[in-house]
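Student: Would you mind keeping the following structure in view while I ask a few things?
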Amino acid sequence: MKILIQGMRRSSTTFLFDVLCADGRCRGYYEPLAKAQKQARGGGSRVREDDFFAALRAARDRFLARHPLADPSVLNYGAPRAARLELEEELPEEVLAYLRFLLSEGEHCVLKFVRAFRKVSALARLSDEARLLHIVRDPRAVASSFLFGKGRKHAAAFTNAADFFAFLGDPAKDRVPGPRQLQALDVANALIERGLTCCAPDAPVFMKLLALWEFHFLETDRAGRAAFGERYLLLRSEDLVREPESALVRVYGLLGEPVPERTRQWTLSHVEDRPQVFAPDDAAWARAVDDLGLAATLAAAGYA
């Protein structure tokens, strides 16, 4: 079984990856298009304390030993090396060869992406048997998660709704509060520069993230249905969290298998339904949906 996961950053892609790795059969490769040089202790979900990049670094070394590249950094196809590469629709042949190598390493393999939302058609050409799981999350929760940071480490910057909805970042560096650059904001700004969204260049950060969410969703869903057909599944993060057993039946139905008991037990013991949306009743969310024309896309994603 060959499984590809694609979803926007902060959309529970890592937790879905954890779920699929829980029965112990799958070789799991976390963010194959990332730089992967530093440890990713706990990944995005923080459910496990493993270095999620360890297996990928070892596999990348095996690939490079067989297929030396003049510039191995090309395998980081997107942020942080060059975030705007995430808007390109194709992948270089050496990157495609690398992804095929990863899929060939075991009978059961799962590759988890956040950088491949415009490359779904290219991913479909990697394997005729691969399944694509597209996980999507309420865009308000995505924007909230980005701005507050992991563990809500930037909460002190947003003591009230006015601060949150007016936040513009650092125009010189596109930084959010704290030391880390917000890679998704680089991609959102590139969308605006290329005229791929109606979001204004001077819009607050939360609106840029909503615009990026729409682009992510539409690109992945359109190409997923066209290129994968019945091998494509759209899954809401909220369904995985709130109705895990039903969600697992859908996921493993796509794979043509019953839900492994070990996976079911692991998921039920680790799933958490926590508040996700900052100031959910604030009218700024509805105004942003109207200004960006998001209503139809929200309905298509299951967030009417």
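The values are calculated or read from the model by the stated rules, or taken from the named source; none is laboratory data. What you see is a predicted model, and the numbers here were worked out from it, not measured in a lab. Methodologically, a virtual Cβ is constructed for each residue, glycine included, from the backbone with ideal geometry; neighbour enumeration extends over all protein chains shown.
Student: Would you mind finding the one in G7, G78 that is closer than 23 Å to R137 by Cβ and in contact with a Leu (Cβ under 7 Å, 6 or more places away or on another chain)?
Tutor: On the way: G7 fails: in contact with a Leu (Cβ under 7 Å, 6 or more places away or on another chain).
From the options G7, G78, the qualifying one is G78.
Student: Might you check whether a residue that is small (G, A, S), modelled with pLDDT of 95 or more and within 23 Å of L126 (Cβ to Cβ) occurs anywhere in segment 36-51?
Tutor: no
Student: On the given criteria, is A190 within 30 Å of L96 (Cα to Cα) and either modelled with pLDDT under 95 or in a helix (DSSP H, G or I) (or both)?
Tutor: Numbers: within 30 Å of L96 (Cα to Cα): yes; either modelled with pLDDT under 95 or in a helix (DSSP H, G or I) (or both): yes.
Judged against the criteria, A190 is a match.
Student: Which residue pairs have Cβ atoms under 9 Å apart, sit 6 or more places apart or on different chains, and have a first residue in segment 120-133 that is more than 15 Å from L33 (Cβ to Cβ) and among the charged types (D, E, K, R) and a second that is at pLDDT 95 or above and part of a strand (DSSP E or B)?
Tutor: E129/K2; R131/K2; R131/I3; R131/L4; R131/Y232; R131/L233
Student: Within the set of pairs 6 or more residues apart or between chains, which connect a residue that is within 16 Å of A161 (Cβ to Cβ) inside segment 277-304 to a residue that is crowded, with 19+ Cβ neighbours inside 10 Å and of a type in the set (D, E) with Cβ atoms less than 9 Å apart?
Tutor: Short answer, once both residue conditions are applied: V277/D138.
Student: Within the group L254, L294, L268, which residue is exposed (fewer than 12 other Cβ atoms within 10 Å of the Cβ), at pLDDT 95 or above and on the phi < 0 side of the Ramachandran plot?
Tutor: On the way: L254 fails: exposed (fewer than 12 other Cβ atoms within 10 Å of the Cβ); L294 fails: exposed (fewer than 12 other Cβ atoms within 10 Å of the Cβ).
Every option except L268 fails the conditions.
Student: If a residue must be of a type outside the set (A, V, I, L, M), out of contact with any helix residue (DSSP H, G or I) (no Cβ under 8 Å at 6 or more places or on another chain) and at pLDDT 80 or above, how many such residues does segment 151-187 contain?
Tutor: 4
Student: Here's a follow-up. Taking segment 60-88 on its own, how many of its residues are among the polar types (S, T, N, Q) and either farther than 12 Å from A34 by Cα or surrounded by fewer than 18 Cβ atoms within 10 Å (Cβ to Cβ) (or both)? Steps first, please.
Tutor: The initial filter retains those residues of segment 60-88 that are among the polar types (S, T, N, Q), namely 73, 76.
If we keep only those that are either farther than 12 Å from A34 by Cα or surrounded by fewer than 18 Cβ atoms within 10 Å (Cβ to Cβ) (or both) as well, we get 73.
Number of matching residues: 1.
Student: Mind checking whether some residue in segment 57-70 is under 21 Å from D221 (Cα atoms), touching a residue at least 12 places away in the same chain (Cβ under 8 Å) and in contact with a Leu (Cβ under 7 Å, 6 or more places away or on another chain)?
Tutor: The first filter runs over segment 57-70 and keeps only residues under 21 Å from D221 (Cα atoms), leaving none.
Scanning segment 57-70 turns up no residue that is under 21 Å from D221 (Cα atoms), touching a residue at least 12 places away in the same chain (Cβ under 8 Å) and in contact with a Leu (Cβ under 7 Å, 6 or more places away or on another chain).
Student: While we're on this one: Against the definition (modelled with pLDDT of 95 or more and under 21 Å from A188 (Cβ atoms)), how does A226 come out, yes or no? Walk me through how you get there before you give the answer.
Tutor: Values: modelled with pLDDT of 95 or more: yes; under 21 Å from A188 (Cβ atoms): no.
Taking the combined requirement at face value, the residue does not satisfy it.
Student: Further question: Which of (1) crowded, with 18+ Cβ neighbours inside 10 Å; (2) of a type outside the set (K, R); (3) not in a loop (DSSP other than H, G, I, E, B) does A203 not meet, given it meets every other one?
Tutor: (3)
Student: Here is a further query. Part of a helix (DSSP H, G or I) and crowded, with 18+ Cβ neighbours inside 10 Å: is that true of A223 in this structure?
Tutor: Working: part of a helix (DSSP H, G or I): yes; crowded, with 18+ Cβ neighbours inside 10 Å: yes.
Answer is yes for this residue.
Student: Related question: Filter segment 1-39 down to residues that are among the basic types (K, R) and not in a loop (DSSP other than H, G, I, E, B) and give me whichever is farthest from F117 (Cα to Cα).
Tutor: First, pick out the residues of segment 1-39 that are among the basic types (K, R): 2, 9-10, 25, 27, 35, 38.
Within this subset, residues satisfying the condition of being not in a loop (DSSP other than H, G, I, E, B) are 2, 27.
Details: K2: 18, R27: 22 Å.
My answer is R27.
Student: Follow-up question, since we're still on this one. Taking the stated definitions as given, is L123 closer than 18 Å to F215 by Cβ and touching a Gly at 6+ places or on another chain (Cβ under 6 Å)? Even if it seems obvious, please write down each step before you answer.
Tutor: On the way: closer than 18 Å to F215 by Cβ: yes; touching a Gly at 6+ places or on another chain (Cβ under 6 Å): no.
Taking the combined requirement at face value, the residue does not satisfy it.
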